[in-house]
Amino acid sequence: MTKLKIVFPLAAIAFILLVFYEYLPFVNKPLSAEPKRRRWTATDSMLCLFITSVYAFTAFLSLGDETGIESFCKFRDRGEYALFELYESTDIGEVRYYPGLHMGNYHLQFSSDGEEYTTASVMKQGHADLFKWKTAELEAGSGSNVRYIRIIADSKLWLGEIAFYDTDNERIAPETMLVPDGCRTLVDEQSKIPDVMTYQNSTYFDEIYHARTAYEHILDESPYEISHPPLGKLIISLGIRLFGMVPFGWRFSGTVFGVLMLPALYVFLKKMFGGSLVPACGTALMASDFMHYVQTRIATIDTYAVFFTLLMYLFFWLYWQSDREGNAWKLPLALSGVCFGLGAASKWTCIYAGAGLGVLWLIDRISRARAMRRAGTWPAYLKETRSNILWCLLFFVAVPCCIYYLSYWNYGTAEGMHGLKMLFSPEYAKIVFENQKYMFSYHSGVTATHPYSSVWWQWLLNIRPILYYSQTLADGSRSTFGAWLNPILCWAGLLAVFAMAFRALFFKDRTALFILIGYLAQLVPWLFVSRVVFEYHYFPCTVFLILALGHVLSTIEHYHPTPKTVIGTFTGTAVVLFAVFYPALSGLPVSRWYSTNFIKWLGSWPF
């Protein structure tokens with residue numbers, strides 16, 4: 001079976017080529033321009049709601065524990081300690097602990113008489129250890145005949161919970177908490193201690209940075225993760241405020257935004273291509289995409305960058321298609337600018353998307369200049385352009401700068417500043433300015449390597465996914481998940497992008513040109529980035545892969561003799577692959593046999 005698994009990717013490629021073979025006879029055909037096809041109907045409402053609801057159920061399923069450790073013993077300085085007395089002298093076999101905020105170490109000491117203590121372990125609380133269950137590495141023989149346990153902090157540290165186990169792996173409840181009284185919280189949530197550490201009860205991958213920083217914003221603590229703008233972490237903090245500093249809480253906001261991408265995309269496809277078939281199938285492609293599912297369920301900031309990129313291009317498309325009569329065109333342009341500001345305040349990669357909008361705006365100006373010169377209305381064009389430039393400066397420079405500047409509010413409050421007046425203080429302005437300098441130097445100076453890093457051309461072909469989580473369970477099954485694209489979307493989408501380039505170049509197709517520039521704006525900057533990068537950096541491109549496929553499917557819908565069969569089969573295949581790969585997207589435990597023979601299509605896929 002292992003040798004025959006090459007049949008799967010070959011079959012997928014053959015299927016995609018067959019679909020494009022059906023498309024080729026119509027590649028030069030124009031898209032339908034019927035206005036009535038773009039009117040929202042009851043069918044659209046039902047299809048959009050159905051796809052979104054099914055996806056939402058899947059996305060929130062097993063997202064993470066809804067309860068967890070939320071009370072912390074707060075050691076304020078070096079040398080502070082907590083002291084426990086057990087009911088009787090016991091042999092300690094294992095100690096588990098749940099680190100909270102701040103970084104340092106604890107010295108775990110055992111004693112049989114409360115007088116002489118032996119250091120049994122140095123329990124680490126580094127940046128990669130926070131809000132996840134850890135097991136202390138005990139010195140051999142140190143756990144014999146223990147009656148008293150002392151935990152000494154070497155700096156300001158928060159410790160959530162600690163659990164002691166005997167050599168039979170039975171949990172030991174301390175008889176008394178001797179000092180300090182404030183650290184009784186170390187053993188007040190013993191019922192929440194899991195049997196094993198998993199992604200369900202602990203942070204993983206970059207959640208160690210972003211979930212932590214979101215929590216720090218709530219507490220008005222100085223943020224740890226400052227290599228990206230603040231807004232993404234502030235959005236993550238909304239879920240924590242609602243559900244607590246637990247896995248479900250810190251992943252909630254990203255999952256909601258992942259769900260909201262679906263109706264936004266449906267509207268985009270409806271406005272761009274009309275009808276109900278293509279919008280429904282395109283939305284189903286996003287709902288069944290591996291990257292979209294995995295990336296929006298992790299507490300990182302990429303989800304918000306992609307969400308706002310989707311919206312800024314949706315609103316700019318409405319502007320792009322407007323007749324520019326009156327003032328109606330200003331609203332979609334303004335909304336696009338607001339979304340650009342929100343995206344840039346979440347992650348700098350949205351600035352790439354903004355550059356794409358700039359190129360589209362310039363093309364639009366040149367196109368209108370030619371048309372109005374031929375119509376003999378050149379003076380009117382110059383007046384319109386001056387006005388347009390002024391509005392764009394407001395919508396895409398002034399407003400985004402204000403949004404970006406305001407997003408640092410919690411940086412100011414962490415430094416003791418309060419009220420609107422802090423926005424006008426030199427101290428606040430310095431915080432914002434210094435962070436821009438730091439971010440630029442950080443990203444330009446990254447030299448780290450990673451076993452699951454990749455390069456841009458591997459993203460195009462789905463060659464090197466990033467593995468986020470992998471655990472072999474006691475029964476031999478494996479729980480894993482990573483981020484990469486649904487092969488149908490990835491490989492067919494790439495062909496569709498080439499089709500957009502062909503149509504834009506040879507048939508002056510404005511829709512194809514719009515999609516192509518949006519895609520290239522997200523991809524081309526990465527060609528010149530020398531630092532370590534990952535497959536998830538291709539995530540924003542998936543929006544334009546789907547739009548490109550929407551163009552192809554819309555052409556098939558209008559000109560193919562059996563369009564529903566072709567489009568339905570294509571979309572259904574993507575959904576089936578999502579179901580087949582679901583264990584590698586959700587962490588659902590499966591046998592190693594299943595993982596090796598059905599999920600690991602290519603040798604470079606780490607499953």
Just a yes or no: is a residue in segment 210-221 open to solvent by less than 10 Å² (accessible area, probe 1.4 Å), in a helix (DSSP H, G or I) and in contact with a strand residue (DSSP E or B) (Cβ under 8 Å, 6 or more places away or on another chain)?
no
Test Gly126 against the stated conditions and say whether it is among the small types (Gly, Ala, Ser) and under 30 Å from Phe252 (Cα atoms).
yes
Expected single match for open to solvent by 10 Å² or more (accessible area, probe 1.4 Å) and under 23 Å from Cys401 (Cα atoms) among Val306, Val267, Val256, Val338 is Val338
Quick one: Glu325 ticks every box in (1) touching a residue at least 60 places away in the same chain (Cβ under 8 Å); (2) of a type outside the set (A, V, I, L, M, F, W, C); (3) part of a loop (DSSP other than H, G, I, E, B) except a single one, so which number is it?
(1)
Per-region count, segment 116-146, residues open to solvent by less than 40 Å² (accessible area, probe 1.4 Å) and free of Cβ contacts under 8 Å to residues at least 24 places away in the same chain
1
State all residues of segment 191-209 that are outside any loop (DSSP other than H, G, I, E, B), under 17 Å from the mean Cα position of the chain (by Cα) and not β-branched (Val, Ile, Thr); if no residue qualifies, say none.
Glu207, Tyr209
Kindly check whether there is at least one residue in segment 420-438 that is in a loop (DSSP other than H, G, I, E, B) and open to solvent by 40 Å² or more (accessible area, probe 1.4 Å).
no
Go through the residues of segment 147-169 one by one and say whether even a single one is surrounded by fewer than 20 Cβ atoms within 10 Å (Cβ to Cβ), touching an Asp or Glu at 6+ places or on another chain (Cβ under 8 Å) and acidic (Asp, Glu).
yes
Name the pairs: first residue in segment 235-246 and within 16 Å of Phe257 (Cα to Cα), second residue in a helix (DSSP H, G or I) and β-branched (Val, Ile, Thr), Cβ to Cβ under 7 Å, at least 6 apart or on different chains?
Ser237/Ile218; Ile240/Ile218
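If you go through segment 563-602 one residue at a time, how many are in a loop (DSSP other than H, G, I, E, B), open to solvent by 30 Å² or more (accessible area, probe 1.4 Å) and either modelled with pLDDT of 95 or more or closer than 23 Å to His292 by Cα (or both)? Even if it seems obvious, please write down each step before you answer.
Here is the first cut: in segment 563-602, the ones in a loop (DSSP other than H, G, I, E, B) are 587-589, 591, 600-602.
From what's left, open to solvent by 30 Å² or more (accessible area, probe 1.4 Å): 588-589, 591, 600, 602.
So of that shortlist, the ones also either modelled with pLDDT of 95 or more or closer than 23 Å to His292 by Cα (or both) come out as 588-589, 600, 602.
Number of matching residues: 4.
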So the check is Cβ under 6 Å with 6+ separation or different chains; which pairs have a first residue in segment 58-87 that's in contact (Cβ under 8 Å) with a residue 40 or more places away in the chain and surrounded by 14 or more Cβ atoms within 10 Å (Cβ to Cβ) and a second one that's part of a strand (DSSP E or B) and charged (D, E, K, R)?
Ile69/Glu161; Tyr81/Arg150; Leu83/Arg150; Leu86/Arg147
Could you check Ser142 against (1) polar (S, T, N, Q); (2) at pLDDT below 95; (3) in a strand (DSSP E or B) and say which number it fails?
(3)
Name the single residue, out of those in segment 1-40 being open to solvent by less than 60 Å² (accessible area, probe 1.4 Å) and among the β-branched types (Val, Ile, Thr), that is farthest from Pro561 (Cα to Cα).
Ile16
Scanning segment 103-146 residue by residue, those farther than 22 Å from Gly160 by Cα and among the acidic types (Asp, Glu) turn out to be Asp113, Glu115, Glu116, Glu139
Failed condition for Gly412, given (1) of a type outside the set (Phe, Trp, Tyr); (2) in contact with a Leu (Cβ under 9 Å, 6 or more places away or on another chain); (3) open to solvent by 40 Å² or more (accessible area, probe 1.4 Å); (4) more than 30 Å from Gln200 (Cα to Cα), with all others met?
(3)
Hey, Asp113 hits all of (1) touching a residue at least 40 places away in the same chain (Cβ under 8 Å); (2) open to solvent by 30 Å² or more (accessible area, probe 1.4 Å) but one; which does it fall short on?
(1)
Only one of (1) among the small types (Gly, Ala, Ser); (2) in contact (Cβ under 8 Å) with a residue 24 or more places away in the chain; (3) in a helix (DSSP H, G or I) does not apply to Ser346, and that is (3)
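One line per residue, one yes/no per condition, for (1) in contact with a Lys or Arg (Cβ under 6 Å, 6 or more places away or on another chain); (2) open to solvent by 20 Å² or more (accessible area, probe 1.4 Å); (3) more than 22 Å from Val524 (Cβ to Cβ):
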| site | (1), (2), (3) |
| --- | --- |
| Tyr313 | no, no, no |
| Asp323 | no, yes, yes |
| Gly326 | no, yes, yes |
| Leu333 | no, no, yes |
| Gly343 | no, no, no |
| Leu357 | no, no, no |
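The values are calculated or read from the model by the stated rules, or taken from the named source; none is laboratory data. As the structure is a prediction and not an experimental result, all values here were calculated from the model. Cβ atoms come from the backbone with ideal geometry, glycine included; neighbour counts cover every protein chain shown. Note: accessible area is taken over every heavy atom of the protein model, side chains too, but ligands, DNA and RNA are not part of it. Shrake-Rupley method; radii C 1.70, N 1.55, O 1.52, S 1.80 Å.
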